[in-house]
Each structure stands twice: as C-alpha cells, then as structure tokens.
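K.L.:
This structure is in structure tokens; I'll ask about it shortly.
Derivation of every value follows stated rules applied to the coordinates shown; laboratory data play no part. If you're wondering where the values come from, they're calculated on a predicted model, not measured in any experiment. With ideal geometry, Cβ positions are generated from the backbone for all residues, glycine too; neighbour counts draw on all protein chains shown.
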Amino acid sequence: MDENQIPAIRAVPRTGVIYVTTEAGRRGYKPGDASWSNLGQGMPETGDLPGAPPRVGKISIDVDDQEYAPVPGIWELRESVASLYNRLYRRGMPSQYSAENVSLCGGGRAALTRVAASLGHINLGHFLPDYTAYEELLDVFKAFTAIPILLEGDRGYAFTPDDLRKEILGRGLSALLLSNPCNPTGKLVQGEELARWVKTSRELECMLIIDEFYSHYVWTGRPGQLPVESAARYVEDVNKDPVVLLDGLTKNWRYPGWRCSWTVGPKAVIEATASAGSFLDGGGSKPLQRAAIPLLDEKYVQAETMATHNVFREKRHKTLSALERIGIRADRAPDGTFYVWGNLSSLPAPLNDGMSFFRAALDRKVICVPGEFFDVNPGKRRSRAASRFKSYVRFSFGPSMASVEQALGRIEEMVLQAAKGPDLKVVESK
C-alpha cells in the first residue's frame, strides 16, 4: 500500500487515455500545447470544419432551466432523439421510437453505468479488445458475471452471426456489450450482418448493449449515402427487441465537453436505467440538454456528418499510409472510428512493445495508448504480463491534421533511429 493510501479506499485504476495523459503531464504536457501531439486522445477535434454548421459559442439559460432536469432528461430532447433515429433508420417502419424510448444523462460513461446497474444476475459477454472504460464498469457491479470473448487479429477481428449464436447458447449469455464501430480496432458490424445479429438477439433473448458513439465515422459506405450505421435500422419492435443503443454529442457531434448522451431502447429498459440514474447521478445538465435540441435537426446532422467525414477520411488515409511506411501495420484498416490499431511486432526492440513504444514517444512529445489497456480484464483476473495486445498501440487521428502530421513525422524519426542503433534509451515514468 502506498504510504499516502487511505485504508478504506481501494486503488482505482485509470482508463488508458487518462493514464497516458497523466504520464505525459509529468513530462510537461498541457492540453492545447502545440509542441505536443496527442494521438492518445479519445475525442475528435472540436473546431470549425469546412462545410460544417457553425460551432455553438454560447448558450442562453432560461430561468426554469436553473432547476434540476428530470432524471431521464427533458422531454423535448428525448423527442428530438427519437425523431432523429426514426428519420435516419426507420422510415416507413410500423414500429417507431418515441420519447419514452430515450433516456438522457451526463456522458457516455454515465449512460453505460446506468445500464450496467440495471442488469440482473446474468452472464454478460464482452469482446477483447474493446473500450478501456468497460474494465472497471464490468467489475464494480457484482450482480452479473462478465465473460470475455476473444477476437483474433488474423481474422480481422471478425465475429459472425453464427459465432454470436454459439456464444449465446454455449455460455448462457443474456447480454452482450460492445462498441460498434469498435474502439480500438475500427471493426464495424453493419448491413446484413448487423441485421442478423439483431435477429439472433431477438430469437435467443440476449440483449445487445451497443455503444454507437462512433457510428457517424463510417468509412465503408457508398458514395452519396450518409456514412452512418445503427442497429436501430434492424429492430422490428422498438419495445420488444432486446437492443439498447448508446450515443451522444461527444464524438458524432464533436461536443465532448457538453457531456450529453442518450440511451435508446425498449420502454422497460429506459424505465430501469432512469431508476438507476436516480441514485447514481441524478440526471444531466438541463441547460445543455435544451441547447442540444437544434443540433439534432436532420439537416444539421447531415451537414455536420459529411463535413466531419470529409476531413477525417483524409486524416485516416494519411495516418494509415504513414504508419505502414514506418512498419506499423493494421490487422485491418478501420471500417469506422478515428483510430488505427497498430501492430508493432515488426519494429526493432524495444519499440515492438506497446508500453516501451509509448514511453519512447513521450520523449518526442507524442502521446499514444498502449494496446494492453484494451485487454478488458474485470477484477484483474488475468495477468497484464500475459496480455495478447502488448505489441499493439492505438493511434488517434482525432486531433487536427497539423498535429497528426507532426506526430507521424516524429514517430518515423524515432523508428529510424531505433533501426540504426543497437539500443534505444527509454525513460521509465516515475
């Protein structure tokens, strides 16, 4: 135990992004410092983009909005979220989402926590690798049992509807948690494959809890179509199909600081998560919920999505090309998200180890996230030393193009230096 540790408090680990930025802070990093490139960040650039609607610079607050918001959120925004899903994914379908199918809260982690707190004594499956914040979330609530499902890089992290059926039947899963597109691999389940996933969940009564925070960063769509995907498109009955979707302003609208998210699903699930929110967080920000309503207008969403897509597609291409030239390959090019899941195994030692690579990059004022943080390991039941992802790093092309290019140039210099010399000095963080 640390000498400053209070006996009643357990050691609570940081998520990958918080860990790497904390370590960078010990080297002098501060947000906004242009001399640093943060390819570890989990947020997109938030400034103006060509063709995007003007960014919100200020909001007015009504007197009534000084009060608490309802725990499931203000009715008007709940209606706006439901209407957007119906327009984007459910045109002409008899079953439509309503405000009662939507709950709002203060950010994606809060939404996930509400859902997790609502689960009963079940087996819940989760994938490896996946979003780092799932680790503590799957450990802190003891009602359910978290069961890892290994995905393989040599298969492109594929997981077919038949695989899903086998896992549900073989492991007795009553729920499955995943990010789609996947953070960190960028693998996207879409189209007919996603439709079969939803059908399987309906037939076998296994709830799909799908984190769709990157669902507007889709790189595999057809020209002329809005590059978005959601399991909402394949739900038959919005109140019976066991499909729960999470999204918010953080990534797809590029407003992470607003901490405004939503859960979409059957009314019974929304009622349960709102009850959980009544003791977990008490509800989100009423003024920001009010200000978010215009951002869900369909024309606004289309313009914002296409502008983001145009800018980020170019950054994706440059990042993939540069990393491949350096010798860092992706097991698969990302179908979605703004990340590249880089395999370091071809690099000279010690850069072929994710943690060593991360520390060496800090010396050059570049931040990235070692792959072992995505080896979701609730309760630390498996040794970190045995992680399958020790030779991986997640690179974000969320920052500006200038910052991304600066980082890629420094990484290339670092790898070339390592290739020339027998030793590379890596400074251990204290």
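K.L.:
State the Kirkwood hydrodynamic radius of region 63-298 in Å, one decimal place, computed from all pairs of distinct Cα atoms.
P.N.:
17.9 Å
K.L.:
Something else now. Provide, in order from the shortest bin, the percent of all Cα-Cα pairs of region 237-283 in each 5 Å bin, continuing until the bin that contains the maximum pair distance.
P.N.:
5, 19, 22, 22, 18, 12, 2
K.L.:
How about region 205-298: which GluC sites (Glu not before Pro) there are in a DSSP loop, with at most 14 other Cβ atoms within 10 Å of their Cβ? Write out the running numbers ahead of the final one.
P.N.:
On the way: sites: GLU205, GLU212, GLU229, GLU236, GLU271, GLU298; in loops: GLU205, GLU212, GLU229, GLU236.
Taking region 205-298 and a limit of 14 other Cβ atoms within 10 Å, the loop GluC sites (Glu not before Pro) found are GLU205, GLU236.
K.L.:
Using +1 at the C-beta of Lys and Arg and -1 at the C-beta of Asp and Glu, which of ILE61, SER35, ASN101 has the Cα lying farthest in the positive direction of the dipole of region 10-115?
P.N.:
SER35
K.L.:
By how many nm would the segment from ASN4 to GLN417 grow when fully extended, if each residue of separation counts as 0.36 nm and the alpha-carbon distance is taken off? It would help to have the intermediate numbers written out before the result.
P.N.:
Numbers: separation 413, 0.36 × 413 = 148.68 nm, distance 4.03 nm.
Answer, rounded to one decimal: 144.6 nm.
K.L.:
Charges at C-beta only: +1 for Lys and Arg, -1 for Asp and Glu. How large is the resulting dipole of region 63-298 about its Cα centre, in Debye rounded to 20?
P.N.:
Numbers: 24 positive and 30 negative charges, 46 e Å.
In debye, rounded to 20, region 63-298 gives about 220.
K.L.:
Sticking with this structure for a sec: Please give the charge dipole size of the chain, origin at the Cα centre, charges +1 on K and R Cβ atoms and -1 on D and E Cβ atoms. Round to the nearest 20 debye.
P.N.:
So the dipole magnitude of the chain works out to roughly 800 debye.
K.L.:
Something else: Under a GNM of the chain (C-alpha, springs under 10 Å), which listed residue has the highest mean-square fluctuation: LYS286, LYS30, LYS251?
P.N.:
Among LYS286, LYS30, LYS251, the largest mean-square fluctuation in the Gaussian network model of the chain belongs to LYS30.
K.L.:
Taking just the alpha-carbon atoms of the chain, what radius of gyration and Dmax come out, in angstrom?
P.N.:
Spelled out, the Cα radius of gyration and Dmax of the chain are 21.4, 67 Å.
K.L.:
So what's the back-of-envelope 222 nm ellipticity for the chain, counting only DSSP H runs of four-plus at -39500 (n - 2.57) apiece and dividing by all residues, rounded to 500?
P.N.:
-11000 deg cm²/dmol
K.L.:
For region 88-164, take N as its residue count and report Rg(C-alpha) divided by 2.2 N^0.38 Å.
P.N.:
1.40
K.L.:
Bin width 5 Å, origin at 0, all Cα-Cα pairs of region 158-300: what percent of pairs per bin?
P.N.:
For region 158-300, the binned pair fractions read 2, 8, 17, 20, 20, 16, 10, 5, 1, 0 percent.
K.L.:
Counting pairs of Cα atoms in region 284-361, how many percent are more than 15 Å apart? Display every interim value, and only then the final one.
P.N.:
On the way: 2062 of 3003 pairs.
Tail of the P(r) past 15 Å holds 69 percent of the pairs.
K.L.:
Using a Förster distance of 30 Å, how high is the FRET efficiency between ARG382 and GLU203, based on the Cβ-Cβ distance and rounded to 0.05?
P.N.:
Calculated value: 0.40.
K.L.:
Further question: Computed FRET efficiency, Cβ-Cβ of VAL140 and ALA195, R0 35 Å: what is it to the nearest 0.05?
P.N.:
0.55
K.L.:
A further question follows. Any idea how far the Cα center of region 190-259 sits from the one of region 21-55, in Å?
P.N.:
The two parts, judged by their Cα centres, are 27 Å apart.
K.L.:
Also, quick follow-up: Starting from region 56-143, pick out the trypsin sites (Lys or Arg not before Pro) whose DSSP state is loop and whose Cβ has at most 16 other Cβ atoms within 10 Å.
P.N.:
Passing sites in region 56-143 are LYS58, ARG91, LYS142.
K.L.:
For LYS315, which lysines qualify as cross-link partners when the Cα separation must be under 21 Å and same-chain residues fewer than eight apart are set aside?
P.N.:
LYS187, LYS251, LYS365
K.L.:
Build a GNM of the chain with springs between Cα atoms under 10 Å: which of LEU208, LEU176, LEU280 gets the top mean-square fluctuation?
P.N.:
LEU280
K.L.:
Further question: Top mean-square fluctuation among ALA272, ALA402, ALA11, Gaussian network model of the chain, C-alpha springs under 10 Å?
P.N.:
Among ALA272, ALA402, ALA11, the largest mean-square fluctuation in the Gaussian network model of the chain belongs to ALA11.
K.L.:
Please give the FRET efficiency for GLU152 paired with VAL63, using the beta carbon to beta carbon distance and R0 = 45 Å, rounded to the nearest 0.05.
P.N.:
Here the calculated transfer efficiency is 0.20.
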